[in-house]
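Enquirer: Here it is, the structure in full.
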Amino acid sequence: MTNLIIATTLAEARNAEGEFLAGGTDLMDRRRHHVSTGGMVDICRIAGLGEIEAHAGGYRIGSQVTLDAVAQHPAIIDHYPGLAIAAGALATPQIRSMASMGGVLLQTTRCWYFRHEAFTCYKKGGDSCPSREGDHRFGVVFDTSPCVFPHPSTIGMVLMNYAAQVEINGERTMTMQELYGGGTDGTREHTLAPSDVLTQIILPAAVNAERAGYFRSISRARAEWALVEVSARLVVDDNDQITFARVAVGGVAPVPMLLPTVNDYLVGKPATDESFAVAAELATAGANPLPQTGYKVKLIYGTVFDTLQRAYNRIWSGEG
């Protein structure tokens, strides 16, 4: 029988041995594939992790809050629309009702070699990446790590674009960049220790009059992992000039990527398709795709362009 420990406090969780179980949508999948086989520590009963609350001019989202709760929360919809759109576009209604915000930030790679019990790789303690020499059609476009599969967290990419922080163990905070590292470590998706519990997500003060969009290019109509996904945030003045821009891209690198060159270009430009096209071209700069991922370079261009249009026009949709 599987060893399941039910933790009711952070101290109990941190001192227990096993993988943390919250919504279980990732962990249970890995267990079905015999990739995760050890004990589990149920952290769902720890108090104080299930609320969305105003805090210091922004908001705090507990790590046990579900994707669905974020997607439907009035304050998130009003003040952080890009986060609400992305949370509501992911997976299926059933998964959104179970998946926790902490869990989606810390989920493991979706690489099919990693999730097959017959293969070993860097993330399972091995010394190679079978995807690099094998089938990597869904791999990275910016090849900076020994592991060639992209980071799986959409919400991590969007929160990075909102300059959010995470609270760890109820004690210290980290930026999203610190949480995920520089994208060169092929052995892990984040920098937390196994005993660390992500307790809160901290959103800064909202940007007034923000227009936001999230869009992902996928290979089927619904409930598919992104080939390329983009979060875009804009503020446009009365003369249709862009005064604020933040763009991030996921599905293309070992960690979510901010695009400061794109942001710098957009500020001061008119909110036109011509400006969006130049920004989309800039988003592909530095790409060094794998033999099977060259098609994603065009997808980056198209997805950035489309998401900027959606943000400007306030189109409330996330996938296609």
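Where a number appears in this text, it was derived from the coordinates with a stated rule and is not lab data. Quick caveat, the model's predicted, so the values are computed rather than measured. Because the Cβ atoms are built from the backbone with ideal geometry, glycine has one as well, and the counts that use them run over all protein chains shown.
Enquirer: Between Ala205 and Tyr295, what is the FRET efficiency for a Förster distance of 41 Å, r being their Cβ-Cβ separation, to the nearest 0.05?
Expert: Step by step, r from the Cβ atoms, then E = 0.55.
Enquirer: Name the long-range amide H neighbours of Ile218: under 5 Å, sequence gap of 5 or more, or other chain; modelled H, no Pro or chain starts.
Expert: Leu227, Gly320
Enquirer: Mean Kyte-Doolittle of at least -0.5 and a Cα length of 24 Å or more along the axis: which whole DSSP H helices of the chain meet both?
Expert: Helix filter hits for the chain: 295-313.
Enquirer: Any chance you could list the semi-axes, whole Å, largest first, of the equivalent ellipsoid that the Cα gyration tensor gives for the chain, using √(5λ)?
Expert: Calculated on Cα positions only, the semi-axes equal 31, 25, 16 Å.
Enquirer: Related question: Can you work out the Karplus-derived ³J(HN,Hα) for every residue in segment 34-51? Use 6.51 cos²θ - 1.76 cosθ + 1.60 with θ = phi - 60°, whole Hz, and x for glycine or proline.
Expert: 6, 8, 10, 10, x, x, 10, 10, 6, 10, 5, 9, 6, 6, x, 10, x, 10
Enquirer: Given the -39500 (n - 2.57) contribution per DSSP H run of 4+ residues, what per-residue ellipticity at 222 nm results for the chain, rounded to the nearest 500 deg cm²/dmol?
Expert: -7500 deg cm²/dmol
Enquirer: With each label point set 7 Å from Cα along the Cα-Cβ vector, what nm distance links Glu12 and Lys124?
Expert: Each label point lies 7 Å from its Cα, and together they span 3.3 nm.
Enquirer: Oh, and also: Determine ³J(HN,Hα), in whole Hz, for all residues of segment 257-272 in sequence, where each value follows from phi through the Karplus function 6.51 cos²θ - 1.76 cosθ + 1.60 and θ = phi - 60°; x replaces Gly and Pro.
Expert: Running phi through 6.51 cos²θ - 1.76 cosθ + 1.60 with θ = phi - 60° gives 10, 7, 10, x, 5, 5, 4, 4, 5, 5, 5, x, 8, x, 7, 10 Hz.
Enquirer: Rounded to the nearest 0.05, what FRET efficiency is calculated for Thr187 and Asp237 with R0 set to 30 Å and r the Cβ-Cβ distance?
Expert: In this case the efficiency is close to 0.05.
Enquirer: Please give, to one decimal in nm, the separation of the simple spin-label points placed at Thr92 and Ser195, each 7 Å out from Cα toward the Cβ.
Expert: Going from the Thr92 label point to the Ser195 one covers 3.9 nm.
Enquirer: Next up: Kirkwood Rh over alpha-carbon pairs of segment 45-112, then Stokes-Einstein at 20 °C and 1.002 mPa s: what D in µm² s⁻¹, rounded to an integer?
Expert: The Stokes-Einstein estimate is 171 µm²/s.
Enquirer: Please report the Cα spread of segment 1-134 along all three principal axes, rounded to whole Å, starting with the longest.
Expert: 47, 36, 27
Enquirer: Could you pull out every one of the lysines with an alpha carbon less than 30 Å from that of Lys298, ignoring same-chain neighbours closer than 8 positions?
Expert: Lys298 reaches Lys123, Lys269.
Enquirer: Going by amide H atoms built from the backbone, whose H comes under 5 Å of the H on Val41, apart from near neighbours?
Expert: The list, which skips near neighbours in sequence, is Ile5, Glu19, Phe20, Leu21.
Enquirer: A further question on this structure: Name the long-range amide H neighbours of Tyr59: under 5 Å, sequence gap of 5 or more, or other chain; modelled H, no Pro or chain starts.
Expert: Sorted by chain and number, the residues that satisfy this are Leu203.
Enquirer: Regarding segment 118-265, what is the average projected area of its C-alpha convex hull, in nm²?
Expert: Averaged projected area of segment 118-265's Cα convex hull equals 11.2 nm².
Enquirer: Translational diffusion coefficient of segment 211-313 at 10 °C, 1.306 mPa s, Stokes-Einstein with Kirkwood Rh over Cα pairs, in µm²/s as a whole number. Don't skip to the end; give the middle numbers.
Expert: On the way: Rh = 13.7 Å.
Here the translational diffusion coefficient equals 116 µm²/s.
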